[in-house]
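**Student:** Following this message is one structure expressed as structure tokens.
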Amino acid sequence: MDKWKYYDITHKHHVLCNPMSEEKFERFCQLLNLPKSTRILDIACGKGEVLVRLAEKYGISGVGIDLSPFCINDCKKKHLERVPESDLTFIELDGAKYRPESGELFDVAMCLGASWVFEDHTGTLKALKQMTKSGGLVIVGEPFWLKEPDTEYLEVTKMTRNSFRPHEDNVYQGEEMGLTCLYTLVSNKDDWDHYETLQWWAVDNYIQSHTDDP
């Protein structure tokens, strides 16, 4: 199965394609307190909820990049339905290949839960920093180890101990690159339960309604 079709099926019921509660997301949006003139870049924007919500709240403009044609279609539909007057552009593209027009720098550059686009957390911080104005905001969502992973877990998931770092190491990495940590938002077990099990529900619904799909 095409991986983007699979992702579309598993995330059909998700508003936010990350393990973040609505309450945390809304509080995060409020803390940003953005002026209307803000330009935002969202790499791996998913269904575009972050950009659209911020456009609703602050009237910002921005660019969303995602490899999934399903996600980009969702983004464009959401844009037209909720903030048709807002200057939002959604592009189907590998985020690592995106180059801002005329070397534009953004007020905010973000990549939530998709550091694989730039190979890893370090690459993501570096890439976003290069596309952000001096004094702007770089926002990254990155998994982290709660404890040293068991060998059995690594074998099953096909990950290595270097796949992620402890939370504080993610912060230190940004500071070593000249960034200042202003705020952290940590997903808890409830957030992960909602994110993961909503995928189970979506898959079951799809199987029940598409019995002819191999």
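Bear in mind that the values in this text are calculations on the coordinates, not laboratory data. Fair warning: this is a prediction, and the values are worked out from it, not measured in the lab. Cβ sites come from the backbone with ideal geometry, for glycine too, and all protein chains shown count toward neighbours.
**Student:** So what's the back-of-envelope 222 nm ellipticity for the chain, counting only DSSP H runs of four-plus at -39500 (n - 2.57) apiece and dividing by all residues, rounded to 500?
**Tutor:** When only DSSP H runs of four or more count, the value is -13000 deg cm²/dmol.
**Student:** Once R0 is set to 41 Å, what does the formula 1/(1 + (r/R0)^6) return for the Cβ-Cβ distance between Met177 and Lys12, expressed as a FRET efficiency to the nearest 0.05?
**Tutor:** Details: r = 37 Å, r/R0 = 0.90.
Here the calculated transfer efficiency is 0.65.
**Student:** Could I ask something else about it? For the pair Thr122 and Leu32, what calculated FRET efficiency results from E = 1/(1 + (r/R0)^6), where r is the Cβ-Cβ distance and R0 = 25 Å, to the nearest 0.05? Intermediate results must be reported in sequence, preceding the final value.
**Tutor:** Values: r = 24 Å, r/R0 = 0.98.
E between Leu32 and Thr122, to the nearest 0.05, is 0.55.
**Student:** If you don't mind, there's one more thing I want to ask. Quick one: length gained pulling Ser134 to Thr160 fully straight, 0.36 nm per residue minus the C-alpha distance? Mind showing how you got there, number by number?
**Tutor:** Numbers: separation 26, 0.36 × 26 = 9.36 nm, distance 3.50 nm.
This chain segment gains 5.9 nm when fully extended.
**Student:** Could I have the simple spin-label model distance between Asp212 and Ser21, label points 7 Å from Cα toward Cβ, reported in nm to one decimal?
**Tutor:** 4.3
**Student:** Under a straight-distance cross-link criterion of Cα-Cα below 17 Å, which aspartates and glutamates are reachable from Lys158, leaving out those fewer than 8 residues away in the same chain?
**Tutor:** Reachable aspartates and glutamates: Glu119, Asp120, Glu148, Asp150.
**Student:** Under the Karplus relation 6.51 cos²θ - 1.76 cosθ + 1.60, θ = phi - 60°, what is the ordered set of whole-Hz ³J(HN,Hα) values for region 169-175, x standing for Gly and Pro?
**Tutor:** So the J values, rounded to whole Hz, are 5, 4, 5, 4, 4, x, 5.
**Student:** Measuring from label point to label point, each 7 Å out along Cα→Cβ, what is the Asn205 to Asp94 span in nm?
**Tutor:** Each label point is offset 7 Å from its Cα along the Cβ direction, giving 3.3 nm.
**Student:** Could I ask something else about it? Assuming R0 = 25 Å, can you tell me the calculated FRET efficiency for the pair Glu168 and Asp190, based on Cβ-Cβ distance, to the nearest 0.05? Each step should come with its number before you reach the end.
**Tutor:** On the way: r = 22 Å, r/R0 = 0.90.
Given R0 = 25 Å and the Cβ-Cβ separation, E is 0.65.
**Student:** What whole-number distance in Å separates the alpha-carbon centres of region 186-214 and region 110-146?
**Tutor:** Their Cα centres are 27 Å away from one another.
**Student:** Let me ask another. What list of ³J(HN,Hα) values in whole Hz, one per residue of region 42-59 in order, does the Karplus curve 6.51 cos²θ - 1.76 cosθ + 1.60 (θ = phi - 60°) give from phi, with Gly and Pro shown as x?
**Tutor:** 10, 8, 6, 6, x, 7, x, 5, 5, 5, 5, 5, 5, 5, 4, 7, 10, x
**Student:** Do any of Lys24/Lys57; Lys36/Lys97; Lys12/Lys97; Lys47/Lys189; Lys3/Lys76 go past 25 Å between their Cα atoms, and which? Show your work: numbers first, answer last.
**Tutor:** Values: Lys24/Lys57 15 Å; Lys36/Lys97 28 Å; Lys12/Lys97 27 Å; Lys47/Lys189 23 Å; Lys3/Lys76 20 Å.
Those over the limit are Lys36/Lys97; Lys12/Lys97.
**Student:** Explain nothing, just the number: relative contact order of the chain, from Cα pairs under 8 Å at least 6 residues apart, as a whole percent. All intermediate terms of the calculation are to be shown ahead of the outcome.
**Tutor:** Numbers: 288 pairs, mean separation 46.3, N = 214.
This gives 22 percent for the chain.
**Student:** The chain: Rg/Rh from Cα coordinates, Kirkwood Rh? Each step should come with its number before you reach the end.
**Tutor:** Values: Rg = 17.7 Å, Rh = 18.4 Å.
So for the chain, dividing Rg by the Kirkwood Rh gives 0.96.
**Student:** Tell me the label-point distance for the pair Lys77, Glu56, using the 7 Å Cα-to-Cβ offset, in nm and rounded to one decimal.
**Tutor:** So the two model labels end up 1.6 nm from each other.
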